[in-house]
Every structure is written in C-alpha cells, then in structure tokens.
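Participant: I am attaching a structure below and will ask some questions about it afterwards.
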Amino acid sequence: MNILIIGAGGREHALAWTLAKSPSVDRIFCAPGNGGIAAVATCVDIDVMDFSGLIGLCRAEEIEFVVVGPEAPLVEGLVDQLTSEGIPAFGPSAAAAQLEGSKGFTKDLCARHNIPTAAYGRFTDVDQAKAYIVQQGAPIVVKADGLAAGKGVIVAQTLDQALIAVDEIFAGAFGAAGAEVVIEECLIGEEASFFALVDGEHCLALASAQDHKPVGDGDVGPNTGGMGAYSPAPVIDDAMHNRIMDEIIRPTVSAMASEGHPFNGVLFAGLMITDKGPELIEYNTRFGDPECQALMSRLDSDLLPALMATADGSLDKIELSWRDEAALVVVMAARGYPGAYNKGSRIRNLDTAGELPGINVFHAGTAKKDEDIIATGGRVLGVTARAPDVALAQSLAYEAVDVIDWPEGFCRRDIGWRAIDRA
Ligand code: AMP
Ligand code: GLY
C-alpha cells in the first residue's frame, strides 16, 4: 500500500526509514520531508497545516494510511478530517490531542482520575496567579497552557522569577498559548520518557528513553527541542515500567474513553521518577524527537501493522519485539541554536558516517541541493548508534559525528552521561 508521513524532522526520517522496511509498503510519500527522507520517500512540498493540500495528495497518490509526526496538525484536527474523508491515520483526534494541546486539560483529567502529577492551579487572572505563587513559595513551575514549541515552561527557583514569568506569559511571550497559566509544584527526581501505542482501549508499551533538553554539556544553558537521547532509560526498570502502566498510562486511556474522547496514536508521557514513584510532568500525543530515532533503531518488528492497529482498535493482536541493545542519538545543530543561526552551509561525508556499523544518520533540518546536502534548520542531524550497551553506543555515535565534515555545526559531547554514570 501507499502511505504518507507528515512532517519534516528527524522523527519523520526515522519513521520513514522504519516503514520502508515493511513488506506491506509500496510507496512512501512525505510532506514536506527533508534531504534525508528523500532517500526513502517521495517528498512533496505541502505544509503540515495545509489540510486540503494533504487530502488532495492522498487522493492523487491513492494513500491508504497517513502517519502524522508533529503535534500542531493533530491539535488542529488533521486526523479528524482525514478520518471523515475515509483515510485512516495514525494519531489522535483534536479532542484527544488536548492531552498535549492544553496542560490545564491534562491536569484536570489527572485530578479527576487520581493520576499522580504535581499539585497545580490554573489561572486567567494575573493577580490570582501571583497570589497562588506567593502562597506556595519557590521553587515553583510556571507554564503557558497551550502549545509553545517546548518553550512555555519556566522552572522558577525564586519567587521573583516566578512572578516575572507570570507577567511575561500574560503579556504575550508565548502568544495565544499564554492566555491561561498553569502553576505547578516543582517535582524532584530523574526525568524519563515513556511511550505507549493506544487504540482507544488497549495499550501496548513501547520502550523508555531519556533526552537531553539543555543545549550545553552537563545539562546547562537554555532548553532546546532535544540535543540527544537514548533508549532504554535505566531509571525505568521492570517494576517501574509496571507502575507507569498501572498508575499513569492505563488510567489515562480509560479516562479519555470514559469521558468521550478515546485516545488513538502514541501516548508519550514525560515523567519524573520521584522518591514516591512515577509522576506525570506532561503528555505529548506524538513520538518524541529525538527519542523516536533511538526507539526505531531498536525496533525489530514491522511497525506498520502496529500503527494501523492504533486506528482500527486491534492493538490487542499486536506484539512488537525490540533488540536487547541500547540506542543513542547525538543531535548536530547549527551554531547559534537555539538562538539565531545561519542556514545554507554544506555538510560533507554523511555517506561515510552512515556506513559505519550500527550507525544511522537521520536528517532533521536538511535539504538536497543538486548533489549536496545543506543545513536548513536549527537541529540538523541525529547521529544514531546501536550497540550492546549505552557506553558503546555513545562512543560509536561520536566516532560517526567526527567523520561528518560540517564546521558550521556543533553537538553536545556528553549525551548519555546519566545512564553511563549509573552503570
Ligand atoms: P514540558 O515542556 O512540560 O516538558 O517542561 C519542560 C521541562 O520543564 C521538563 O522537561 C522538566 O524538566 C521541567 N518541568 C516541567 N514541569 C515540572 C515540574 N512540575 N517539576 C519539575 N520540573 C518540571
Ligand atoms: N524531545 C522531546 C519532545 O519531542 O518533545
């Protein structure tokens, strides 16, 4: 069958590379795609928010299944539109994507169903928000309610920082996403990501991962979309895995169904593993980027039937097997990211790096120009290694990074340090 992948990042490259191995797939299209995806799919220059353009492409190319990568089209209802056109798709309805699209929605759902998460308040009034902060004390976390590309969260160490954050959010620092503010207790522990496929009723746990959000070595500096990741996350052992499924994932899936907006797609729980156990920091309703690159490197089964089962309710019939190995992704970004950066520099030796054993170089912000690959984004490459353990995966990944000739790029040099310290 022909399938369409929506998105342009490293996550979508990893999904395209994985789905290209499926015996049921004839042709893969990707909108809009990137310079690396073009090697495994036909890239079509349609924006992820151009729903009528995407539906037209589905008709023209006889697409039988659509895989939606990023959150913005999910929250705006792309899957609802595809479904009403009779085109099955991987991803939640707009109503179910509120789990990512509105932090307040998720906090209220957790409160109604006793799902462990930080204590919180929701505010649309500046004075009430500030009074709550003063009453709770610091450290405290201030969040814009809506989608803010991962930037709408301020972990305030002092009352002043928290009060300033409230002013900034209400003054429009994150646009419409900041019409409401959520203020939360600051959780202490180790963060981890947990992924489960969901078909409205059944859940199939995938694997755990950890990412590195800050731009600098040692986890310092401003947050980014993610400078690297690895899977599995050693902090999630079997007992913790079971607690996460029993206390967080399954109760959420039942709650969404019983409240009339069943969740289909992949549920990505951002967790804090505290002294008391797992607590939900936030949900995302799509694969993580770069976590997806690590997960796909470890997957040993055909992904397509599992994604299709999330849409048709048959996930209880699916089993996935995973390589008993670690995978680690080092993100190479344009110098200046997450601030201003230049575009258009040429990247060399990608093929040589990609031929090293255990290595996949997934593209994020690249384009193909004649025979060259050029950088077009902030996060540009995800150099991904698979190896028997995370320390070996780390050294392999950096070997490949050092083969890539791109003076205008940089990466962190310590991806995986927490897992390696623990071993
Ligand atoms: P989010 O965009 O919700 O993933 O938040 C970004 C980052 O802020 C998370 O990865 C955490 O490091 C941190 N964070 C968010 N909420 C909390 C919380 N309640 N307690 C501690 N840290 C938090
Ligand atoms: N790497 C974190 C995210 O995809 O949101």
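Participant: For region 171-184, what are the residues that are away from ligand 1 (no atom under 16 Å from the Cβ) and either modelled with pLDDT of 90 or more or in contact with a Phe, Trp or Tyr (Cβ under 9 Å, 6 or more places away or on another chain) (or both)?
Facilitator: 179
Participant: Condition (residue is within 16 Å of ligand 2 (Cβ to nearest atom), over 25 Å from residue 364 (Cβ atoms) and either in contact (Cβ under 8 Å) with a residue 40 or more places away in the chain or of a type in the set (Phe, Trp, Tyr) (or both)) applied to region 268-289: is it met by at least one residue?
Facilitator: Looking for residues that are within 16 Å of ligand 2 (Cβ to nearest atom), over 25 Å from residue 364 (Cβ atoms) and either in contact (Cβ under 8 Å) with a residue 40 or more places away in the chain or of a type in the set (Phe, Trp, Tyr) (or both), one finds at least one in region 268-289, hence yes.
Participant: Still on this structure, I have one more. If you check residue 229 against the conditions, is it small (Gly, Ala, Ser), at pLDDT 95 or above and under 19 Å from the mean Cα position of the chain (by Cα)?
Facilitator: So residue 229 passes the test.
Participant: Condition (residue is surrounded by fewer than 24 Cβ atoms within 10 Å (Cβ to Cβ) and in contact with a strand residue (DSSP E or B) (Cβ under 8 Å, 6 or more places away or on another chain)) applied to region 255-266: is it met by at least one residue?
Facilitator: No: zero hits.
Participant: Give the residue, chosen from 146, 86, that is in a loop (DSSP other than H, G, I, E, B) and within 14 Å of ligand 1 (Cβ to nearest atom).
Facilitator: Unique residue meeting the criteria: 146.
Participant: Inside region 331-401, counting only strands (runs of 3 or more DSSP E) that do not spill past its ends, which hold 3 or more residues that are over 23 Å from the mean Cα position of the chain (by Cα)?
Facilitator: Of the strands (runs of 3 or more DSSP E) lying wholly inside region 331-401, those with at least 3 residues that are over 23 Å from the mean Cα position of the chain (by Cα) span 372-375.
Participant: Return the only residue of 382, 344, 365 being farther than 24 Å from residue 217 by Cα and at pLDDT 95 or above.
Facilitator: Answer to the selection: 344.
Participant: On to the next question. Looking at region 127-136, can you tell me whether even one residue there is closer than 27 Å to residue 243 by Cα and of a type outside the set (A, V, I, L, M)?
Facilitator: No: zero hits.
Participant: Before we move on, is residue 187 under 21 Å from residue 241 (Cβ atoms) and more than 14 Å from ligand 1 (Cβ to nearest atom)?
Facilitator: In short, no.
Participant: Hey, does region 245-255 have a residue that's within 13 Å of residue 206 (Cβ to Cβ), at pLDDT 95 or above and more than 16 Å from ligand 2 (Cβ to nearest atom)?
Facilitator: yes
Participant: Also, I was wondering about something else. For residue 224, state whether it is away from ligand 2 (no atom under 16 Å from the Cβ) and not acidic (Asp, Glu).
Facilitator: For residue 224, the condition - away from ligand 2 (no atom under 16 Å from the Cβ) and not acidic (Asp, Glu) - is not met.
The values are calculated or read from the model by the stated rules, or taken from the named source; none is laboratory data. Computed from a predicted structure; not experimentally measured. Counting neighbours? That spans all protein chains shown, and the Cβs are built from the backbone with ideal geometry, glycine included.
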